[in-house]
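Novice: Dumping the structure here so I can ask a few things about it.
The values are calculated or read from the model by the stated rules, or taken from the named source; none is laboratory data. Model, not experiment: these values are computed from the prediction. Positions of Cβ are generated from backbone atoms using ideal geometry, with glycine treated the same way; all protein chains shown enter the neighbour counts.
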Amino acid sequence: MIMLPIDLAAVTAGNRKAIARGISLLENNQASNAMDIHAKRVPVIGITGPPGAGKSTLTDRLIGALLDQGARVAVLCIDPSSPFHRGSLLGDRIRMSNWYQHPDVYIRSLASRGSVGGLHPQIPDITELLKMAPFDYILIETVGVGQNEMAIVALADLCLLVLVPESGDDIQALKSGIMEIADIFVVNKSDRPGSIAFKTALEKSIHLHPDPLKATAPVFNVSALQNTGIPALVASMQKQLQQPLPKDPRILAERAYAMIARQRMQDINLLSLTEAIRALQLQGDVDLQKLVQQYLNPSRNQ
Ligand SMILES: Nc1nc2c(ncn2[C@@H]2O[C@H](COP(=O)(O)OP(=O)(O)O)[C@@H](O)[C@H]2O)c(=O)[nH]1
Ligand SMILES: [Mg+2]
C-alpha cells in the first residue's frame, strides 16, 4: 500500500483540493502523516435523528444561517448505508446543492462502512483535519440508529436530535438512551399538524428526566422546508456552545475514550495489517500472536 502525506500547510490555508485529498487519504488509511494533525478548537455540531426526519434539509438551513453571520462551515454527511447504495448520498448532495459551490462551505459525504461503532472509523481523524482548516463550524450529519449516537457525542461539542411530529409514539423509546445525547431537541416539519402538541409532550417527558442536566434541554419547532424557526435554534446553539452545560460524565467518558483510541491506534489499521500479513505469508510464517505483540510493543521489533 502506498502511504502519502497530507499537505497540512495547504489544508491550514484552506485549499479545498488539499482538504478533499487529505480526507480521501484518511478515509482510505493511506495518510502517512495522520499523526501530525494538530487541530485548533473549532465547534463540532452533531445533527442526528431517524432517517427522513429532515436532517439534511435542516443542515442546509443551518449552513445558510451561519453563512449569513459571515461564518465558514464544513459539513460531513455520514451515511450508514452500504457504499454501493449511493441513493441517499446523492439525495443529500441534491438537497444541499445550494452550497456545494460556495467558497465558504465545504461539504463531504462519507459512507460509514466497516465500522463497529456505527461511525466511519476515520471520522475522528477527518474531523481533526477539518479543524486545521479555516472553518468556524463543523456540522456532522449522522443517522441516529443505535450505536451512532454514542459515536457522535464523542465527537460533537453540541448534539441536535431531529424529530418530526409523527415521532409521537417514539417518546417512550426516547426515554431510554437517545434522550441522553441531545443538547437540543428539534421538532422539524412543524409545518405539519400536531407539531406544537408534540413539542409539549416532548418537553414534559424531558422535564421528567431524573438527571437535572438533561431535564432542561430546549425543544424547538422548526420547518426546514419552509425555513421557519431557524434563527431561534441557531441562537440557542451558539449560546450553548459559549456556555456549555455540564456534560454527562458518561458522554465525556466516550469522548476521552475516543481521544485515547485515536492516539493509541494511530499507526494501526486493517490495510497495514493486511500488508504485514501478506508479507508474512510470502515468508511462509504467519504467527498472529507474534505480529500482534510487535504492534503492542514496538520496541521489541527487530
Ligand atoms: N413538510 C416538511 N418536509 C420536510 C421538512 N424538512 C425536510 N422535509 C422533507 O423530508 C424528506 C427527508 O428530508 P431529508 O433532509 O433528506 O431527511 P434526512 O434523511 O433526515 O436527512 C425530504 O423529502 C424533505 O423535503 C419540513 O420541515 N417539512
Ligand atoms: Mg440526510
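Novice: Regarding the range 76-95, can at least one residue be identified that is touching a Gly at 6+ places or on another chain (Cβ under 8 Å), within 13 Å of ligand 1 (Cβ to nearest atom) and either of a type in the set (D, E) or at pLDDT 85 or above (or both)?
Specialist: no
Residue-wise test of (1) under 29 Å from V42 (Cα atoms); (2) in the same structural domain as A154 (by TED's automatic domain parsing); (3) in contact with a helix residue (DSSP H, G or I) (Cβ under 7 Å, 6 or more places away or on another chain).
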| site | (1), (2), (3) |
| --- | --- |
| A197 | no, yes, no |
| T216 | yes, yes, no |
| A256 | yes, no, no |
| V286 | no, no, yes |
| Q294 | no, no, yes |
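Novice: Ok, one more. Filter the range 186-245 down to residues that are part of a loop (DSSP other than H, G, I, E, B) and without any contact (Cβ under 8 Å) to a residue 60 or more places away in the chain, then give me how many there are.
Specialist: The total comes to 16.
Novice: Hey, another quick one. Please enumerate the residues belonging to the range 228-237 that are surrounded by 15 or more Cβ atoms within 10 Å (Cβ to Cβ) and either at pLDDT below 95 or within 23 Å of the chain's Cα centre (by Cα) (or both).
Specialist: I230, L233, V234, S236, M237
Novice: Is it the case that A53 is without any contact (Cβ under 8 Å) to a residue 24 or more places away in the chain, more than 21 Å from P121 (Cα to Cα) and among the aliphatic types (A, V, I, L, M)?
Specialist: No: the conditions fail for A53.
Novice: Filter the range 1-36 down to residues that are over 26 Å from Q101 (Cα atoms) and assigned to a loop (DSSP other than H, G, I, E, B), then give me how many there are.
Specialist: At the first step, the residues of the range 1-36 found to be over 26 Å from Q101 (Cα atoms) are 1-5, 29-36.
Then keep just the ones that are assigned to a loop (DSSP other than H, G, I, E, B); that gives 1-3, 5, 29-30, 32-33.
Residues that pass the stated criteria total 8.
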